1. Any idea what % of Cα-Cα pairs in the stretch 56-98 are farther than 12 Å?
2. In whole Hz, with x marking every Gly and Pro, tabulate ³J(HN,Hα) for the stretch 46-51 from phi via Karplus 6.51 cos²θ - 1.76 cosθ + 1.60, θ = phi - 60°.
3. Can you tell which of A33, A69, A53 shows the greatest fluctuation in a Gaussian network model of the chain with Cα springs below 10 Å?
4. Mind telling me which of R68, R30, R43 comes out most flexible in a GNM of the chain, alpha-carbon contacts under 10 Å?
5. What's the local net charge at V70, with K and R +1, D and E -1, over the other residues with C-beta under 14 Å away?
6. Per the Kirkwood formula on distinct C-alpha pairs, the Rh of the stretch 28-69 is how many angstrom?
7. Please tell me the relative contact order of the chain in percent, rounded to the nearest whole number, where contacts are Cα pairs under 8 Å and at least six residues apart.
8. For an R0 of 22 angstrom, estimate the FRET efficiency from the Cβ-Cβ distance between Q37 and R75 and round to the nearest 0.05.
Amino acid sequence: MAATPTNAVPSDAFSSLNQTLQNRIRYPVRAAAMGWQGLVSVRVIVDSQGGIAQLIFTHKDPHDDFNRAVSDALRDWQFDYPEGSDIPLTFRFILADK
């Protein structure tokens, strides 16, 4: 059964969490080699153990490498929010030399 978001919080309340997770994400090697930059936005619905009950992509990048990098980085993350929390996150992939 899919979790229903019950505790929606404004996205600016998660800016510190978003920055912590952004630093955890590895820039995809192929994307860097190709000079790709990207943007991925998700909503995380927290389960009763602090894990992810549901990961909803609200903006997928055309280069799936970025979507996969976000999914991989979030997979084992433990959130310190109550069950049903609806956490909006946005990740930017920007090459330093661009």
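1. So the pairs more than 12 Å apart make up 70 percent of the total in the stretch 56-98.
2. Residue by residue, the stretch 46-51 yields 7, 8, 5, 9, x, x Hz.
3. A33
4. R30
5. On the way: positive: R24, R26, R43, K60, R68, R75, R92; negative: D61, D64, D65, D72, D76.
Computed value for this residue: +2.
6. The answer is 11.5 Å.
7. Taking the mean separation of contacting Cα pairs over the length of the chain, I get 42 percent.
8. Values: r = 23 Å, r/R0 = 1.05.
Efficiency for this residue pair is about 0.45.
Readers should treat all values here as calculations from the given coordinates under stated rules, not as data from a laboratory. A quick note: this is a predicted structure, and the numbers were derived from the prediction, not measured. For neighbour counting, all protein chains shown are included, and Cβ atoms are generated from backbone atoms with ideal geometry for every residue, glycine included.
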